[in-house]
Every structure is written in C-alpha cells, then in structure tokens.
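Peer 1: My questions will all concern the structure given below.
What follows is calculated from the coordinates using simple rules that are stated; it is not laboratory data. From a predicted model like this one, the values you see are computed outputs, not experimental measurements. Here the Cβ positions follow ideal geometry from the backbone for every residue, glycine too, while neighbour counts run over all protein chains shown.
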C-alpha cells in the first residue's frame, strides 16, 4: 500500500514543490495537537497557476483543479513543516474561498476538487467539515484559496 | 422548562427537518471536545428558502430570517450527528457570510437573526464570538451561509 | 524591557480605547486554553476610522493602517476581557477580510499591517497562521475586518 506521500506524488504533486513560506506569517501553527494551516493559493513551481474570476475567466472545471492544487499544497506544507502525513489524525475543517463573479452558484462544486484530493490521499481521516464561499477577490488574483485545520497525533 | 429541542420545535423548526449530509464533506467533525460544523445555507425541506443578494433581491429583514434558519439547521444537524443539544457546553464561534450587494453595510444585523436564535435555544452557553462579512456569492445562490464551532461536553 | 501593553501604548493605541462589546455576541470566548476573538473592524474612539472599498476609496497603504488598527483593537479587547497580554501563549490564526474592489490583488499586503503589529507587540508568540481574502462588503462599510484565535496560558 502506498504511503500518503506516494499517493500525492502519483497524482503529480512532487513533495519537493511545496510552496515556500511567505513574509509575515507562518504556513502552519501547531498547538496542543491542532494545526492551523494558512490560506493557500494555487501555487505551482512558485507561480500562481490559476488566476481570475470563476466562471468568467476560469471555468468551474478548471477552478476545481485549482482547488485540488491548493489542497495538495496544504498537504505538502504540512509534510515539510509538521512531519509525515501519517501524523494527520483527522482533518477537522476545510474552508474554501473562490474568486467569484457575483452570479456564480457553484462554489461548493469548485471546492469538491480540494475535498476529493484530501480524501484520496488521507482516506477516512481526510473526511472533514467544510465551508465554501465566493469572494470578491483573492491575493495575487488567485482563483481559489483554501485553508485547513488538522488534528495531529502527538 | 422545555428542552432545547422543544424550544427549537416551538419556533417552527421540526427536529426531523435537519438538512441531509451532502457529497464530499461531513456536516460535523468532532475532535477532543470541539465540534466543527460545516457552512450551512438556509435549507427548508430540502430547498434553499432564501436566494439572491442582500438587499437588492432579499431585504435585510428577510436575510435575518435566512440567518435564523441557517442557525436552526446547524443546531438540528448537531442533534442528529453528535447528540442531544444538552451536550453543547459552549458555542465558541459563529461565522456568517452574507451574499451581499457591494453597498450593503448591515451584514452584522443580518447575522443577529442567527445569534438571537442560538441564544434563545441554548441560553448562556449559546453566547458566542462572531464574525460577519458580505461575500460575492454563495453556493446555490443562497442569501446567507453560517458555520459554527462548538465545545461539546465529554 | 517594555510590557506588551506599553508597546501598544507607544504605538498610539491607548489601552483604554478598546472597542466596547456589541449586541448579540461576545468579543471573546475562552475555552480550554483557546480564545476565539470576534471579527473586529477599525474602530477608533467609537467610530469606524476607515470605510469604503480598497483601493478605489481607501488606498492599500491606508488599508494597512486599518488592518493595524483592527489588530490593536483585538489585542486591547483581549487585555480587557481575558487578562494581561503576557497570557498570550501563541497566536494561532489570524483571518483578514478586506472590503475590496473586484480587481484588488493585494489583500495579503493589506493584512501585513495587522501581522506586523501583532509581531511587534507579542514577539515570537505573535507568529501566526493567516488567511487574507477580499470580500464584497463589511459591517458599517468598514475597509477591513480581522479575527483571531489565540492560545492562552492556563
């Protein structure tokens, strides 16, 4: 059976391409068995791979890929900053912000891209509570931003 | 003295009409005495009862009713997924997302509809921290989405 | 070495000017060593000091000042409601909502105003996970709203 890291790699997400930490905040803060992961945009090799509003500039289908990439980034950041993905005891909450035109009604479908990847990689412990909303704009013009709260085995 | 469930029923929120769980995420995740409840839209009998932007399509007063319905749904989901509402030790945080026209300045007043119901049903332990924001769009065109973090007695 | 409160005062944020609690929710809920602070807008002496959208009505630079004021308010509210700022064991998560025009791409830069103040006042324990998004509108037309989750020493 593949490790969780191997599953991510097989899906095309090399562990080494975890986004670098940025300026004035930390990618993860771990306290008392709970890890708070900072909002993540769809970085790939240091560039934001999906920018612009959904659905006028980016289709719902592509936005799902963007959400998947955000989730893969969060898992890779966890692995670099906290430890092996086997330490994920339970994903508690995932929140997705979609850079949306005011008429979008599918923010939840966009976020399925993130949810499915998390379930594929982590299995049962990837099962999470979730909120999905459409926002006016995101940092760097990203199409999606995803944050996560994770219970970590001590 | 009525139970918390009876109070909800008296207000018109039948316990049996808790929204069904949807696709790729869980309605609640409980870990170490803290329950994370997924973002909830104003479902009533399986339909979204309030759709469109506040205030152009839905008045602030109606949006308050939508927020109340979201809160009632969250409490009913808690009762179905976790246990009797007597297990609520303390509501920790309520976050409200209002599907807003860019000129709305009353997102906090909209969310009072949710806060008041929670206080009415749960009393002192319903007293919560809160954020209210106006977003560009919500899943299914819902007018309001509310999420909640709750401390649960062990 | 100045106390954390003295550092705030030196930066122009008098401890006595912490915003008053509002209506139907609490400024902070503390449970099991974790404090959830309600979303805070840039109140100064009872008035919202920065209103309107970023960047059309308020520049990114001024919005950074608004975010700093929100953060100062959160720390002052903590001091009034929970106890001395020495009780902050670790800032876990900061979420910033910027009242944004749809073309803003600098929500993260706006939030640096909040992050820098928190680091300046709290030092290492102020280092936090963060999300920044641009929303359609905020309560009272505020330009920025910031919420925070804090680990508190028992």
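Peer 1: Quick one: would you say residue B:80 is surrounded by fewer than 23 Cβ atoms within 10 Å (Cβ to Cβ) and either free of Cβ contacts under 8 Å to residues at least 40 places away in the same chain or facing another protein chain (nearest Cβ under 10 Å) (or both)?
Peer 2: Details: surrounded by fewer than 23 Cβ atoms within 10 Å (Cβ to Cβ): yes; either free of Cβ contacts under 8 Å to residues at least 40 places away in the same chain or facing another protein chain (nearest Cβ under 10 Å) (or both): no.
Judged against the criteria, residue B:80 is not a match.
Peer 1: For residues in the range B:1-18 being surrounded by fewer than 20 Cβ atoms within 10 Å (Cβ to Cβ) and assigned to a loop (DSSP other than H, G, I, E, B), which is farthest from the chain's Cα centre (by Cα)?
Peer 2: So the residue we want is B:1.
Peer 1: For the condition buried (at least 22 other Cβ atoms within 10 Å of the Cβ) and free of Cβ contacts under 8 Å to residues at least 12 places away in the same chain, what is the one hit in B:29, B:41?
Peer 2: When all the criteria are applied, what remains is B:29.
Peer 1: Another question about this same structure. Being more than 9 Å from chain A (Cβ to nearest Cβ), touching a helix residue (DSSP H, G or I) at 6+ places or on another chain (Cβ under 8 Å) and within 27 Å of residue B:108 (Cα to Cα) narrows it down to one of B:58, B:28, so name that one.
Peer 2: Working: B:28 fails: more than 9 Å from chain A (Cβ to nearest Cβ).
B:58 is the lone residue from the list that is more than 9 Å from chain A (Cβ to nearest Cβ), touching a helix residue (DSSP H, G or I) at 6+ places or on another chain (Cβ under 8 Å) and within 27 Å of residue B:108 (Cα to Cα).
Peer 1: Sticking with this one: Among the residues of the range A:104-121, count how many are touching a strand residue (DSSP E or B) at 6+ places or on another chain (Cβ under 7 Å) and more than 7 Å from chain B (Cβ to nearest Cβ).
Peer 2: Count: 4.
Peer 1: Output the residues belonging to the range B:143-154 that are buried (at least 24 other Cβ atoms within 10 Å of the Cβ), under 21 Å from residue B:36 (Cα atoms) and in contact with a helix residue (DSSP H, G or I) (Cβ under 9 Å, 6 or more places away or on another chain). Please lay out each step first, then the result.
Peer 2: Narrowing the range B:143-154 to residues buried (at least 24 other Cβ atoms within 10 Å of the Cβ): B:143-146, B:148-150.
Remaining after also requiring under 21 Å from residue B:36 (Cα atoms): B:144-146, B:148-150.
Scanning the range B:143-154 gives B:144, B:145, B:146, B:148, B:150.
Peer 1: Right, another one. Here is a check on your reading of the model: is residue B:134 in contact (Cβ under 8 Å) with a residue 60 or more places away in the chain and surrounded by fewer than 21 Cβ atoms within 10 Å (Cβ to Cβ)? Walk me through how you get there before you give the answer.
Peer 2: Numbers: in contact (Cβ under 8 Å) with a residue 60 or more places away in the chain: yes; surrounded by fewer than 21 Cβ atoms within 10 Å (Cβ to Cβ): no.
Here the answer is no, as residue B:134 does not meet what is asked.
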